[in-house]
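Below is one structure, written out as structure tokens, with a few remarks after it.
Bear in mind these aren't lab numbers, they're just calculated from the coordinates by the rules spelled out. These figures come from a predicted structure and were not determined experimentally. With ideal geometry, Cβ positions are generated from the backbone for all residues, glycine too; neighbour counts draw on all protein chains shown.
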Amino acid sequence: MIPFTYTRAHDAAEAIRLGADAATKYLGGGTNLVDLMREGAERPGALVDVTGLPGAIEESQDGSLRIGAAVRNTAVAEHRAVRARYPMLARAILAGASAQIRNMATVGGNILQRTRCAYFYDGTVRCNKRTPGAGCDAIDGFNRMHAILGASAYCVATHPSDMCVALAALDALVELEGPGGRRTIPLTDLHRLPGDRPDLDTVLGPGELITAVVLPPLPWAQRSTYRKVRDRASYAFALVSVAAALDLAEDGTVRDVRLALGGVAHKPWRAERAEQMLRGRPAGTESFRAAADAELAGAAPLRDNAFKPELARRLITAVLGELMGDAA
Amino acid sequence: MTDLQKTPEQTATRWTPDGGRDPLAGRHGAIGTSLPRIDGPLKVRGEAQFAAEVPADRLAYAALVTSTIARGAIATLDTAAAEAAPGVVLVMTHRNAPRMAPPAVIMTDPRAAGASSLPIMQDASIHWNGEPVAVVVAETQEQADHAASLVRVTYREEPASLSFERAIAVGRHPDTVLGEPAVIETGDAETALRNAPHRIDRVYRTPRHSHSAIEPHAVTVWWEGGDLVLHDATQMLHMTRYTIAGVFGMDEERIRIHSPYVGGGFGSKGPWSHHFLAIAAAKLAGRPVRLALSRGDVFRVIGGRTTTEQRVALGARDDGTLAALVHTGTAAMTTHNNCPEQFTFPARHLYAADTIRVEQRVADIDMVANTFMRAPGESVGTFALECAIDEMAGELGLDPIEFRRRIEPETDPTSGRPFSSRQLLKAYADGAERFGWSRRAAAPGAVRDGDWLVGMGVATATYPYYRMPGGRVRITLGRDGRAVVAVAAHEMGMGTATVHTQVVADRLGLSVDRVDFQHGDTALPAFTMAGGSSQTATLAAAAHEATLALLEELLRLAGNDSPLAGLTVDEVEARDGGLGHRGSRERFESYASILGRAGREEVGAEGESPMPTETQSFSMHSYGAQFCEVRVHAVTGEIRVSRFLGSFDCGRILNPRTAASQFRGGIIMGLGLALTEETQFDERNGRIMNPSLAEYHVPVHMDVPEIDVIFTDIPDPRAPLGARGIGEIGITGVGAAVANAVHNATGRRIRELPITLDKLL
């Protein structure tokens, strides 16, 4: 590990003042950043610990929920309002990592965790994310865990978060604060597709800090879920995961639907195409499957993950079917 | 006359039925009871000191720099930045490393234990991706790790053999397979196969596995003048000492190794490169050095189970007997080690067939030397063989257990020797009843519970009985009525100290709290290894000899003034902390009294494990029947093992609690083999790409159902205490039991491990 300085910030303003330097990283629970520092994949000269920043889980009059970036994952998953109103989010968080890691990990840190691609972690092989322009050894290597949607010739890595898949489905907003001021953007706009700059995971500017996540009101998300398929029963990243919410009209047509996929792309993948196809259509296996087919039409599997498009189709169809069953 | 030519009668040992009466045959109830582990409280409290925790004055910490190419040579090596880094004591490379001879490879000599014969950091050549090229020694581990990242190495690459497929094509026969021939043929199996009315002919593949013991390998070493002290995690103390002595050209007696606790060995805890590098670095530094491997290092510098491609072909008649059994294949190996992964061993001993052909080949790959890993060979060999048996049972329309009943041999099918004790069919019958095997639907894919397809599978477990010659033990009785057992044996968490406390207590008529078991130190009587599931048998044989010698000495000391006067060894028994006449409660004298009258503080005797002649006369193996129930998700292919039962026939069970833990641990490791574990070896550059427990998937708690374990507990008359080894058999057969259950659930036959969900979509 490269020597670094460590400072604890007490509020966002202090954090941003300390964190404006390009070689500085904000430190949440450290469950990913510290690992990456040990592997030499991250080499910050300074860490600014933001776990002491104020911020809790606040329920607003309009029904939205504001979650401070320093709130631990466990606290989010256990929160009464999250469990009652956004069950897919609680389930997504509980599907990730281990209890110990969830106790440490913060919401902001979870969002900013980096890919688990082995070729990114191993400094002796080629990786465009680690060294721009170096090339990518994952494209023809072990890529079972890798992307089938939105990848590029430069990078086929996936974003590993479960929580973010639910946040993407729920239209979560991310509040940012940086040297240039404050702004709020949709979570789905925060993470980038790799393109020719896979070293840039997000659109965050230098020194910009996530201060909170806002979940807009979505009463029908009470009927929502998260389903993760992985290589062992726990403590493994998703091969494919689905976050979904379904709102059915009296006549059995889909009034609204939310659908996002994990394990398939460089970012939590909001399945907008499938959602669009489903709205106003009769709910049922046939329409679910057709929507899934449409979403996965552009899938480009690699050597080891040819199974993913079919697994994703099946999972979308099954999860929506389950939600429909719950409604009946 | 050699041992090989002796008849069974001539190879009687003192514990066998034909060896005469054993005056100390324990009848005091300690053997066979579930005594809790005597090292348990220490470990639970964190007070057991492991090799990476031993303090030392002026201790320095070492970190490895490892190669990033598979074959070639170091072109440039720049250590200046590392040497200038804070806290760095020295950087050792091939330029300044002390001269070291190549290690003697295990089984090239009875005491050798080297994992590979490659020279260690003696020149610029590179033999695998991950080979140590520098050792950085610093004041703290963090400083050493940081400085290691500053060492700059460039390489001249040479073409490497990395593709298993290509290496198979130019494979070779190993000289021997653990001392057995690589090829055995009884009759013309290929012709018999062609002529058989029912045939299956399949290829099965198994991947590499990496050792993942909870304690990563570590040594803390220092020199005291010309003497060397090591605190090690080893399962072969004296063999490690012998091997180190050879590498450094030293007298063995000048090396002392302490290894009281080992956090799991599974075959990996012998002398690897880090031993020699730490010793050499301590020599250069002139101070104690600790080299504790990181988890990533373990994947790169410690070998594991190698990859195999196996063919099993069976030719059967309508009546369910076998005309031909063929098991051949290739394992990846290196040119500098000696572990051909004996996957054909089960087929040599398990089933009756008119003709049998087994053949093992190896394919040379430039990789870290593969090594022993819990039931090397048998674990993956039973996957192939027992899947094939299941496939043939389906072909014949027979229940898989009934099929095995029809091919149960009367004598060993390849050696012709009688079995010492074989209760495989009883293990099947007992297991079937307890597991509810009769509820299994014969037709695949017939049982469904919601979205889950449910199936049952079964497979044979088997592992040879080994007992090593030469292991010594000293037992000392004190005037305080306590016994001290001293032996350089190994406690890796399996319960050795506990079980042998029970054994000696029973034989000497003492309560278990009056026996102290000393182990894990080369200063104690020299012992063999905790490998091949042999330690218990070896130690029991040595303890048998030692206690008999002690009895003779005690009777001599008792003399003519004792109530025992005039009694021969055959007339006495050990009881109540002393010796007594078998026929009379009154004639008794305590050990304390005997020693007191003799004016002695203590009396001791040594015993040694004699040549294992029993295995020359008998086919001696442990057996088991592994029962598995799986649930396979109809939509996603996810596999969950919902029930498991292991029914074992391993002779007498000395401690049901520690034994059940061994079986259960083996089965859990088998679930990893079946479903999740695979070391990703990138064939482009020989690099292991998942060197962490986040990416190398061992089973987590949620992958492990409640595992039921039962045993026949029928003593083997040819084994000391009637007990055969139990450490390794638990993993055998599990892969096939799971695969067979998956087939029963889904109708899909998966012949390549691990059985991941994509193979079932």
Computed curve, the range B:95-244, Cα-only Debye sum without solvent term, log₁₀ I(q)/I(0) at 0.09, 0.12 Å⁻¹, is -0.53, -0.86
Expressed in angstrom, Rg and Dmax over the Cα atoms of chain B are 27.0, 83
Simple SL model, points at 7 angstrom along Cα→Cβ for B:ASP561 and B:MET250; separation in nm is 5.0 nm
If the chain between B:ASP516 and B:GLU602 were fully extended at 0.36 nm per residue, the gain over the current Cα-Cα distance would be 29.5 nm
Env charge @ A:ASP49, Cβ radius under 12 Å, K,R +1 / D,E -1, value +1
The Rg/Rh figure for the range A:224-327, Cα atoms and Kirkwood Rh, to two decimals is 0.97
Relative contact order as a percentage, chain B, C-alpha pairs under 8 Å and 6+ apart, gives 18 percent
Under the helix-only model (-39500 (n - 2.57) for each DSSP H run of 4 or more, divided by the residues of chain B), the mean residue ellipticity at 222 nm, to 500 deg cm²/dmol, is -7500 deg cm²/dmol
With the 8 Å Cα cutoff and a minimum separation of six or more residues, the range A:5-51 has a relative contact order in percent of 56 percent
Sequence order, the range B:551-566: Karplus ³J(HN,Hα) from phi using 6.51 cos²θ - 1.76 cosθ + 1.60, θ = phi - 60°, Hz rounded, Gly and Pro as x, gives 4, 4, 5, 5, 5, 5, 5, 4, x, 8, 8, 8, x, 8, 3, x
Rounded to two decimals, the Debye log10 I(q)/I(0) of the range B:657-737 (Cα scatterers, no solvent) at q = 0.13, 0.24, 0.26 Å⁻¹ is -0.55, -1.14, -1.24
Expressed as a whole-number percentage, the relative contact order of the range A:224-327 with C-alpha contacts under 8 angstrom and at least six residues apart is 25 percent
When B:GLU386, B:GLU433 are arranged by how many other beta-carbons sit within 10 Å of their Cβ, fewest first, they go B:GLU433, B:GLU386
Computed on Cα atoms, Rg of chain A relative to 2.2 N^0.38 Å comes out at 0.97
The answer for B:THR66, listing residues at least 5 apart or on another chain whose modeled amide H is closer than 5 Å to its amide H, is B:VAL133
Ranked on Cβ counts within 10 Å of their own Cβ, fewest leading, B:LYS43, A:LYS129 go B:LYS43, A:LYS129
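Under a Cβ-Cβ cut-off of 12 Å, what is the net charge of the residues other than A:LEU200 that fall near it, where Lys and Arg count +1 and Asp and Glu count -1?
Here the count lands on +2.
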Rg from C-alpha atoms of the protein assembly as shown, normalised by the globular rule of thumb 2.2 N^0.38 Å, equals 1.01
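I need the fraction of alpha carbon pairs in the range B:228-309 separated by more than 14 Å, rounded to a whole percent.
65 percent
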Checked against a 28 Å limit on the C-alpha separation, the offending pairs among A:LYS25/A:LYS267; B:LYS43/B:LYS283; B:LYS269/B:LYS759 are B:LYS43/B:LYS283; B:LYS269/B:LYS759
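Shape call for the range A:1-153 from the C-alpha gyration tensor, a ≥ b ≥ c root eigenvalues: rounded (a/c under 1.5), prolate (a/b greater than b/c) or oblate?
oblate
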The range A:5-51 -> Rg/Rh from Cα coords, Kirkwood Rh, value 0.96
When A:MET1, B:MET702, B:MET239 are arranged by how many other beta-carbons sit within 10 Å of their Cβ, fewest first, they go B:MET702, A:MET1, B:MET239
Using the Cα gyration tensor of the range B:611-761, the equivalent ellipsoid's semi-axes, largest first and to the nearest Å, work out to 32, 19, 14
